[in-house]
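Beneath this line is the structure, given in structure tokens, with notes to follow.
Values quoted throughout were computed directly from the atomic coordinates according to the rules given, and no laboratory measurement underlies them. This structure is a prediction, so every number in the text was calculated from the model and none was measured. When we count neighbours, we look across all protein chains shown, and the Cβ atoms used for this are built from the backbone with ideal geometry, even at glycine.
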């Protein structure tokens, strides 16, 4: 951490600051220049309150040198984390596709979609039971019943299931769920992160629509600091000024995450754009960017879907996308999907 | 709601769409132009799934004409809502200042700050007991104890208290809290909104750092649809590309909200910038924009604050700001602070 | 165009508005609902001043139905435009790579890079002669001399050249340049757009770092309205809140542009991220998204480059990227690069 | 400048880097920590290419300590610059209002508006002769004729005139213009900045809609490095995700600019929101934020304005705003408008 002290500063205040830093078990290097005095703070600075330091009268600016995340940091864990979900491996040279409908609606629907996407190459089944909706007047998901139906589809197909949790009150309902999803709007729901971190489950952590990569990894850190090791990050688009798409998919984040963290990262091209006809090009683009997998909405009857139909593609289109992905995977250091 | 149908469309699909809309109890006006066919949907369209309609093959675009919020909509409730908190009135021609430390730390600290800000003109006491922090390694607030200390300060000064709730698990702890705050990161924590909506309390709803005004009012709608009438909106800055400030305070939102909703709106200039030396100019700017009040961090000893010290000003500076605000209030249709 | 009139409106003002619209040769449909009166404006509304209409006392909101661009609109020109640059075809099922150094520095440098990228599969040579730099103290390019050196490299290799124009004063210097580039910062330099539109050259139009897709196509419209038909759009990243990358590459824009316009679109992965190690993954991602080509910075000695070295890759890495792109092209409806 | 070198680095490359820095006349402090090696670069680092350094294989990150602007930097010029325009002083404890129509239309119109705003307290007359419009089909201003009409209004009222330049081709037309305005879209039109910098005129430099404060000051630096001393900065809103307003006025920028630079700064509340009914609250807010002046669109007949009518207020409303501003000015360290 570098602290830039104002040119006109009170020596006593500077000494107090240096003392305060040293009291936190850190070292301080002082370097006096023509226009500023610089303090180099050495040691584990992840606990230093950067905002507090910035507020001091004598401080002009503060810059962090070390990343504030540790468990998620590749520097301290150079090998890729490979998450194992009932034998389905995410990370390393594996590529997995999570597919399924936006919302679980009926047993027939979820079982049919599950069978169709499994046949096409998907290995994990997604489906919304609890649905975060902007409007209280919109369909909020089948909730408990939705989870039961997902478990039936798992029984029928053997596919592990991925579904979103929205409240600490529902933790018990998720005991048979294989992958607990934290949605974009809950990425900084810190109390939920802490409780999910104690569940001893694989967690799929979506990026908040307005969160930086660093904040995202800090949210992974919340979960990991409670004992969870297996986190899958999921890029789903960020909010920008562009109105044509609901969100702007940030594919530069994928290779950057590969440098910063050992955790696997998948991309959700369905939610990013909100337009089903963009799913195919954005899926191929995601593979090209180096992602460890995709999360795609597939629906057997988009027109009658109760929610987010605009994002869903049909099983036959999905099958074709998977075929094309298979051609690309070897270029990206990944094994083909069998 | 206006649905623009593609030039080349299947007549049968168009008829199906018209039928589907009518089945929802809505009327449809059809208008055929040279390059597009337009459906005007008449009636209460707030429950129509705009994303689903947009997804249909024959649809080029959909535009909403009516705002999707109702309880919060000034069209259906033209007079200002005036929230009454133990006699302290927020809204209409009243102007209130909520002040206090970022975090509650000790009984001495919170009582001292409460007395100082009350003397200077603040009418409501704020203080964080549960603290949302980006890092799991940062101080997370005194939690239950923090609420007890706030209640002691209320006892000593008579000031109603405002403090943030972060989890549905803590609802019982808030039974004596006067104003329950929903923080920016929880603005779309819908399960929390619903449960807080049932508490029968005044709610202070902060704007999410990346949320539109419409989404903000939809979150108010979540709370109101559970029976709560008294909501105070709080603008606290949005995230932009500018790195000098933590957030960009959106003061244009204030006069816009005054048109769209009857709910009172206050501004938090402390969190917006993250710099205490900007609190004074941004407070005066907020008054000028037409806000119903301010929420300001005041601390008796910023240097030793456990968190967010950079945003806090000292009591004497606060007193001076209040004096200047008093000169401005009559220009803005507000009564002076006594 | 849909004009939503306020519930409480003056009938005389409404009649004036209807008359004013009709005077512009447009038709008006009036539809009266419970909470609003709606005017549907029929005809060529591209010249109606939407801001002026919005400002009227009786108007609540205005929404455009038709896109405001015409020459660039696929609706009025359904087939892909295929730009021909001395036999090099851009658009349709063709895929072209524009490569070269950020800045032209010496004859040796530009000729060597040109030969290396041509050998690897690039068909167009880029190189900056006039350089837009944030700081007046940074190297501003070799200017006239830079163009001379590019022309020498063209002579040696036969590759058509692409280089940026920054001022109407330099138009004569560009008479032998094959493709005139408009940079991101000049995307809305309307006086430059008009003069370049009269040059009768192929224009490569970069997206402004904070411009919407619609604004981008309106800038193409400026050039086209002066007689130019051959425009290549170039996505180079937009500005967001994410600090890790200089810009966020918006690959969703590619399939959207393919719907909205008939003009070819290429991607510049070098400028988007500002990090050369992201060029490879973002190049593959761009191909997957459906782009008609790439614009890549390649340098023979990045460390000593006078500018933007961080974005440049070396010829051998470039060669490998081209090989991988060739595997992907048939999946994306494109012919392989020979 | 702080350069963070990767943990695993080649010693030879590090030595090369140190040598390269020293060759630029700078000093280097080396500090070796557990996880990184840090180089502190001492001296005038404004000419070091930060992107080039970041690109080196051994470099993890680079952070600038000193601001890259000098002429505009308050550190090297602590007193406020007070710009004198024919006796009208901008900066220091002065507050000036620039008012006038969006576009100059007729002699009668501009002279009438000029008289009305002068009577109400405006001291500088604005009016668009060259108009930057998103669409080539929109009215582009009266151009040369517009400047002639402005000069007539100056003759009649004695008010100095402010008008926008859009091309280096028009420099001669601006020889009698008092304040040359650089519009938001041209803030980084560097060739224009350089030529305007040589005109020896007062320049009003608007902030680009997606530019940081630092980039804005670097553009001022371009003009100043050509010899111009008198620049007035003008905040006019930045682009965010919020669709209700055209731009989000960034009033936090005002007190920040007062710290960073000695140049005066005014606010344009008309263009920021694009809604005339927001002009009053945003004007008072701007005064509260500490601005040195306002730039307001006033029109005698908004309905028939040829452009941007939505932003214009009428003279009587303007007069009332000026009265209220006068009450606020002493709170903000400013003299009242006479």
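Axis angle, to the nearest 10 degrees, between helix A:107-120 and the longest C-alpha principal axis of chain A: 80 degrees. The alpha carbons of the stretch A:99-184 give a radius of gyration and a Dmax of 12.2, 36 Å, in that order. Computed across the stretch C:90-130, the Kirkwood hydrodynamic radius from all distinct Cα-Cα pairs reaches 10.8 Å. Size descriptors for chain B (Cα atoms only): Rg and Dmax, in that order, 22.8, 75 Å.
Taking the Cα atoms only, what angle lies between the long axis of helix A:144-157 and the longest principal axis of chain A, rounded to 10 degrees? Here the helix axis deviates by roughly 70 degrees. Neighbouring Cβ atoms from other chains, within 10 Å of the Cβ of residues in B:190-199, number 4 on average. Under the convention of a label 7 Å out along Cα→Cβ, give the distances in nm from residue C:8 to the same position in every other copy, shortest first. Residue C:8 label point versus its equivalents elsewhere: 5.0, 5.5, 7.3 nm.
Across identical copies of the chain, residue B:79 has label-point separations of 5.8, 6.9, 7.1 nm, listed in ascending order, with the point defined 7 angstrom from Cα along Cα→Cβ. Kirkwood-type hydrodynamic radius, the stretch B:66-145: 15.6 Å, calculated from all non-identical alpha-carbon pairs. Relative contact order, whole percent, for the stretch C:22-89 stands at 18, derived from Cα pairs under 8 Å and 6 or more residues apart. Between the stretch B:172-217 and the stretch C:161-209, what's the alpha-carbon centroid distance in Å? Rounded to whole Å, the Cα centres lie 51 Å apart.
Peptide A:182-189 has a mean shielding of 5, counted as Cβ atoms of other protein chains within 10 Å of each residue's Cβ. Site pair residue C:11 and residue B:277 shows an inter-label distance of 6.2 nm when each label is modelled 7 Å from Cα along Cα→Cβ.
Within a 10 angstrom radius of each residue's Cβ in A:288-295, how many Cβ atoms of other chains show up on average? Whole number is fine. That average works out to 4.
Dividing the Cα radius of gyration of the stretch B:101-150 by its Kirkwood radius returns 1.03 for Rg/Rh. Between identical copies, the spacing of residue B:148 label points, each set 7 Å from Cα toward the C-beta atom, reads 4.3, 8.4, 8.4 nm from nearest to farthest. The angle between the Cα long axis of helix A:213-224 and the main principal axis of chain A comes to about 80°, on a 0 to 90 degree scale. Taking C:217, C:284, C:150 as the candidate residues, the one with maximal mean-square fluctuation in a Gaussian network model of chain C, Cα springs under 10 Å, is C:284.
Taking every DSSP helix (H) stretch of at least 4 residues in chain D, weighting each as -39,500 (n - 2.57) and dividing the sum by the residue count yields a mean residue ellipticity at 222 nm of -9000 deg cm²/dmol. Short-range pairs are left out: with C-alpha atoms under 8 Å and at least six residues apart, the relative contact order of the stretch A:60-215 is 16 percent.
Computed log10 I(q)/I(0) for the stretch A:1-130 at 0.12, 0.23 Å⁻¹: -0.65, -1.28, from the Debye equation with unit scatterers placed on every C-alpha and solvent omitted.
Per the Kirkwood formula applied to alpha carbons, the stretch A:102-258 shows a radius of gyration over Rh ratio, Rg over Rh, of 0.97.
Peptides D:257-263, C:249-255, D:132-138 ranked from most to least packed by the mean count of surrounding Cβ atoms within 10 Å: C:249-255, D:257-263, D:132-138. Under the criterion of Cα pairs below 8 Å and six or more residues apart, the relative contact order for chain C equals 16 percent.
The DSSP beta bridges internal to chain D are antiparallel in roughly 40% of cases. As a proxy for reagent exposure, ranking C:271, B:77, A:170 by other Cβ atoms within 10 Å from fewest up yields B:77, A:170, C:271.
Taking the empirical scaling 2.2 N^0.38 Å for compact globular proteins as reference, the stretch A:2-63 has a Cα radius of gyration ratio of 1.01.
Looking only at the protein assembly as shown, where both bridge partners belong to it, what percent of the DSSP beta bridges are antiparallel (to the nearest 5)? Looking only at bridges with both residues in the protein assembly as shown, the antiparallel portion is about 40 percent. Model label points for residue B:148 and residue C:335, set 7 angstrom from Cα along the Cα-to-Cβ axis, are 8.0 nm apart. Alpha carbon centre of the stretch D:28-90 versus the stretch A:271-295: separation in Å? Between the Cα centres of the stretch D:28-90 and the stretch A:271-295 lies a distance of 40 Å.
Sorted from greatest to least, the principal axis extents spanned by the alpha carbons of the protein assembly as shown come out as 76, 74, 74 Å. Let's test the formula: R0 of 41 Å, r as the Cβ-Cβ distance of residue C:200 and residue C:108. What FRET efficiency results, to the nearest 0.05? Calculated transfer efficiency: 0.80. Residues A:233, C:30, ranked from the fewest to the most other C-beta atoms within 10 Å, line up as C:30, A:233.
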